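Report on the following structure.
The values are calculated or read from the model by the stated rules, or taken from the named source; none is laboratory data. For clarity, every value in this text was computed on a predicted model and none was experimentally measured. Here the Cβ is made from the backbone with ideal geometry for all residues, glycine too, and neighbour counts use every protein chain on show.
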Amino acid sequence: MLTADLVRWKRTKDVVEVRPIPAAARPRLLEAAEGLLQAAANSVGESREVFKAACGDVPVSHADQRVFAGLQKLVTDRCTFEMDVGQPPVALRAEVFTRATAARRALDHLQAFDRGAVIADAAAALGLEVKALEGALFADLKDAHLLVEFEATTPEALLALYEREQERAALLLAVRVVVDIEEEDAAIWRNLFRSLKFHRLLYTIEARDGGYRVTLDGPQSLFSATRKYGLRLAMMLEPIRACARWALEADLLFGKPPERVRFLLKGERDGGPGAELPLPDDVADLVQRFGALETDWRVRRSTRLLALPGVGLCVPDLVFSHPDGTRAYLEVLGFWSRDAVWKRVDLVRAGLRENVLFAVTERLRVSEAALEDDLPGQLYVYKGVMSARRVLDRLEGFRPKAQASLSDLRTRPRG
Amino acid sequence: MTRLVFNAGTLEVHDVEDPAILPEVARFDDRTRCWRTPAQAYAEVVMGLVRRKLAWTDEARRYTELDAGLAIQRPPRPFQTEALAAWQKNRGRGVVALPTGAGKSWVAMLAIDAIRRSTLVVAPTLDLVRQWYDLLGSAFAQPVGVVGGGSHDVQPLTVITYDSAWAQMEHLGNRFGFVVFDECHHLPGESYALGAEMCLAPYRLGLSATPERADGRHVELERLIGPTVYQRDVVELAGDYLAEYTTETLTVPLTDAERQAYEHERGIYRAFVASQGIRFSQQGAWQQFLQRAARSAEGRRALLAWQRQKALASAAPSKLRFVEHLLHRHRQDRVLLFTQNNNTAYQVARRFLIPVITHQTPVVERSEILAGFAEGRYGAVATSKVLNEGVDVPSANVAIVISGSGSVREHVQRLGRILRKQGDKQAILYELVAEETAETYTSQRRREHSAYR
């Protein structure tokens, strides 16, 4: 991964961008990239110090220094270094230095310390050649580690990687990220929110034209602009990049002393929002079986996020609508954790208003009774595959009760 | 009923009827629909509730009272008793400034004994973490946890590095009622300060020989820990509580060849600086030099020239020959050699065959080297910066500063390493300065402290 100092910035007032590699510099940098890749390939079996020196020997114009340093970092990331396995240096040093102390103490004030003699004695005692001992004495230092493996690539790919990684490295300076996302695939959304949870970031979400605006930062952000969440925000770029269409605006703490600037970035998945990703197999199968039933309910892919601020959210896979105006969502939790189910239960109890059916396999050992019948959120526990018929039965339960059973209606909790 | 929850270094205050009881720093958080403060404001929030006689449930605080106090009693020195009293008088918040070797750590032990709450000690280096670990373990006769340097074991008494505190406080910030910041001049600054803010401990103690920072940010210590409640100077304590010491500055002439190379490189560097109109009397000049240097081939050569002349002055062969002479003179003593950078430290180690401690030294080897030094198996240890601070090497009686920065703090700390009283020890600090080089000025700057007058 690049660090922020290896990024080519362009600042216009309070907006910063990362600059792509200029066309004029491209041939030079391809050559330099080739040189770095060669240096790594040729240094396999040599020390890190040798590898670094070989990188230093690659000719580079002073105008390209920063990109070159970035490329060198990316090449180094593709290298595996290990300590030379020989005599453990720590033990060698203890032996040599103990002997040296004793030798020095034994001198009278006219005698001089004889380094060569101490090393020779120690080497003889350890059964090593003098040269081997000198070489092994500090073999555990980072610069002495051997380059054992290098994952090769092409100069073109390396330059492309640099440009891509620049954008991520920019977010290392971020204190907050606001991203507008157009995405219709539940799995992509879920992955995004899973990543958010994994990185322990906080978010707010609001519906916008054709999509959602998600604001990401951390608990501490309320009190001070801190780059503490920068790495985690940078790690969010990959799940964001997976979205159909997205545009982000990040607040960066930039420069010395740090000033608050904006960083803008946008992108699209191949094909953009029009190109729908296929539904997961179990969901697609359910849609097909449901279509074969005789019913007025219609089913389509859901594009909504159902959020309850401060409590959580769910990302339904499907939305069912009935001509009488009833609408209900289905979220397939399948084999997810019991914990995920309890989160949904909390969400419903905390006042989620929409009708939602959460489909869970019986392997998660939860009871449908965990959510009472009069709540808008319901659990559907299935065995093996989801039954379209059972889903239909449960959907019917969401429709306003017939006049006859009006007396059965209990008051619903306030949303 | 109001409910307090610790979340990732912040305090969530749920179900607040009257927000006026909350400290000013509290903000309503739309993301989670509750009030939020930095964890540090915990004591203030609780006091607000107490004052209004409001009931609350506390899900935030997870620290406990210690079962037992000090297992060993040792009569405190008068200034240690005074320091503790001053700190307690300020409701257990504040900084105690005592010279290195005077027994700052024991003040912390007395404070833990007085407060008897789960305690976290934050220390800047792994050497110091190891040292606190030993001290807490023996003083309180109970298991001590360590977080940092690959360990993650949390106990009611735990030692952590500043780096780990910054990274881990969002998980650990509610598990300690008392935090000790060792070498607390490290705390101010964007990231480490956050570690203090993310911790809810009501009791806080800062320890340092030199709380002042060149950048003036030591004023932040008052907010993060508390005011300086007690301060004593090295000259006030020398003799009675610290070893007697002398300092000697030795000017080492360069050989003709060294002089020539030095002047050549320095000439290139100075010509560039002059051509760019950079004036080092102005603030930010060094930053300016680095920026300009990065822009042209000429600039990069100037930077290289600066590095070369610096290396020549700090590790000139004639200087190292003089080190040989000093090592010989003190071959029956315990000598610490300080260098400005790791390269020189390793150079010294290789040349004189003496153990070296840097940040790259494995923990086990550090312990082995320090034990060997204490026992006398090793007569000298070389180091760059890692032994500057706090690490206890009581047997050391000679320090040789081969090269260093102009920092007064660094120099005072290096002197402190040989001042721990042991018998009638007479300590001596040599400072080697390459004659007629920029080092002469650096040396003057670092000796601007009462300890050197």
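Here's the yes/no breakdown for (1) in contact (Cβ under 8 Å) with a residue 12 or more places away in the chain; (2) in contact with a Phe, Trp or Tyr (Cβ under 9 Å, 6 or more places away or on another chain); (3) more than 11 Å from chain A (Cβ to nearest Cβ):
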residue: B:Leu4; (1), (2), (3): yes, yes, yes
residue: B:Leu11; (1), (2), (3): yes, yes, no
residue: B:Ile21; (1), (2), (3): yes, no, yes
residue: B:Phe28; (1), (2), (3): no, yes, no
residue: B:Arg36; (1), (2), (3): yes, yes, no
residue: B:Ala39; (1), (2), (3): yes, yes, no
residue: B:Ala60; (1), (2), (3): yes, yes, yes
residue: B:Gln73; (1), (2), (3): no, no, yes
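Among the residues of segment A:129-147, at least one is assigned to a strand (DSSP E or B) and of a type in the set (A, V, I, L, M). Picking from residues in segment B:344-362 that are surrounded by 18 or more Cβ atoms within 10 Å (Cβ to Cβ) and closer than 15 Å to A:Asp140 by Cα, the one that is farthest from the other protein chains (Cβ to nearest Cβ) is B:Ile357.
Could you please give the count of residues in segment A:183-211 that are surrounded by 14 or more Cβ atoms within 10 Å (Cβ to Cβ), within 14 Å of chain B (Cβ to nearest Cβ) and of a type outside the set (Val, Ile, Thr)? Summing the residues that are surrounded by 14 or more Cβ atoms within 10 Å (Cβ to Cβ), within 14 Å of chain B (Cβ to nearest Cβ) and of a type outside the set (Val, Ile, Thr) in segment A:183-211 gives 7.
Exactly one residue out of B:Gln309, B:Gln283 is within 14 Å of chain A (Cβ to nearest Cβ) and farther than 30 Å from B:Leu419 by Cα, and it is B:Gln283.
Any residue in segment A:47-59 that is under 32 Å from the mean Cα position of the chain (by Cα), within 14 Å of chain B (Cβ to nearest Cβ) and more than 30 Å from A:Glu31 (Cβ to Cβ)? No, there is no match, as no residue in segment A:47-59 is under 32 Å from the mean Cα position of the chain (by Cα), within 14 Å of chain B (Cβ to nearest Cβ) and more than 30 Å from A:Glu31 (Cβ to Cβ).
Yes/no matrix, rows are residues, columns are (1) closer than 14 Å to B:Arg117 by Cα; (2) in the same structural domain as B:Ala86 (by TED's automatic domain parsing); (3) surrounded by fewer than 24 Cβ atoms within 10 Å (Cβ to Cβ):
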{"residue": "B:Val180", "(1), (2), (3)": "yes, yes, no"}
{"residue": "B:Cys184", "(1), (2), (3)": "no, yes, no"}
{"residue": "B:Ala193", "(1), (2), (3)": "no, yes, yes"}
{"residue": "B:Pro202", "(1), (2), (3)": "yes, yes, yes"}
{"residue": "B:Gly206", "(1), (2), (3)": "no, yes, no"}
{"residue": "B:Pro211", "(1), (2), (3)": "no, yes, yes"}
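Restricting B:Arg36, B:Arg77, B:Arg62, B:Arg31 to residues that are under 30 Å from B:Ala139 (Cα atoms) and buried (at least 16 other Cβ atoms within 10 Å of the Cβ) narrows the list to B:Arg77.
Residues checked against (1) under 18 Å from the mean Cα position of the chain (by Cα); (2) in the same structural domain as A:Leu265 (by TED's automatic domain parsing); (3) modelled with pLDDT of 95 or more:
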position	(1), (2), (3)
A:Ala170	yes, yes, yes
A:Val177	yes, yes, yes
A:Tyr212	no, yes, no
A:Phe223	no, yes, no
A:Arg227	yes, yes, no
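Residues that are polar (S, T, N, Q) and within 25 Å of A:Ala174 (Cβ to Cβ) do not occur anywhere in segment A:86-97. Screening segment B:378-392 for residues that are modelled with pLDDT of 90 or more and touching an Asp or Glu at 6+ places or on another chain (Cβ under 9 Å) and picking the one that is farthest from the other protein chains (Cβ to nearest Cβ) gives B:Ala380.
The set of residues in segment A:86-103 being of a type in the set (A, V, I, L, M) and crowded, with 16+ Cβ neighbours inside 10 Å consists of A:Leu92, A:Ala94, A:Val96, A:Ala100, A:Ala103. Inspect all residues belonging to segment A:26-44 and state whether any of them is within 27 Å of the chain's Cα centre (by Cα), under 27 Å from B:Tyr346 (Cβ atoms) and either within 12 Å of chain B (Cβ to nearest Cβ) or part of a helix (DSSP H, G or I) (or both). No, that holds for no residue.
From the list B:Gly177, B:Gly206, the lone residue that is more than 16 Å from the chain's Cα centre (by Cα) and away from every other protein chain (no Cβ under 14 Å) is B:Gly177. Does A:His62 count as surrounded by 12 or more Cβ atoms within 10 Å (Cβ to Cβ), closer than 30 Å to A:Pro27 by Cα and either within 13 Å of chain B (Cβ to nearest Cβ) or of a type in the set (Ser, Thr, Tyr) (or both)? Yes: the conditions hold for A:His62. Of the residues examined, B:Gly216 is one that is within 14 Å of chain A (Cβ to nearest Cβ), closer than 30 Å to B:Thr247 by Cβ and either surrounded by fewer than 21 Cβ atoms within 10 Å (Cβ to Cβ) or of a type in the set (Lys, Arg) (or both). Counting only strands (runs of 3 or more DSSP E) that sit completely within segment B:149-247, those holding 1 or more residues that are touching a Lys or Arg at 6+ places or on another chain (Cβ under 9 Å) correspond to B:157-161, B:178-181, B:203-208, B:228-231.
Counting just the residues of segment B:43-59 that are among the hydrophobic types (A, V, I, L, M, F, W, C), in contact with a helix residue (DSSP H, G or I) (Cβ under 9 Å, 6 or more places away or on another chain) and surrounded by 13 or more Cβ atoms within 10 Å (Cβ to Cβ), which one comes out nearest to B:Arg117 (Cα to Cα)?
Looking at residues that are among the hydrophobic types (A, V, I, L, M, F, W, C), in contact with a helix residue (DSSP H, G or I) (Cβ under 9 Å, 6 or more places away or on another chain) and surrounded by 13 or more Cβ atoms within 10 Å (Cβ to Cβ), I get B:Val45.
If you go through segment A:70-85 and pick out every residue that is part of a helix (DSSP H, G or I) and crowded, with 16+ Cβ neighbours inside 10 Å, you end up with 7. Can you find even one residue in segment A:299-318 that is surrounded by 18 or more Cβ atoms within 10 Å (Cβ to Cβ), closer than 30 Å to B:Gly189 by Cβ and in contact with a strand residue (DSSP E or B) (Cβ under 6 Å, 6 or more places away or on another chain)? No, segment A:299-318 contains no residue that is surrounded by 18 or more Cβ atoms within 10 Å (Cβ to Cβ), closer than 30 Å to B:Gly189 by Cβ and in contact with a strand residue (DSSP E or B) (Cβ under 6 Å, 6 or more places away or on another chain).
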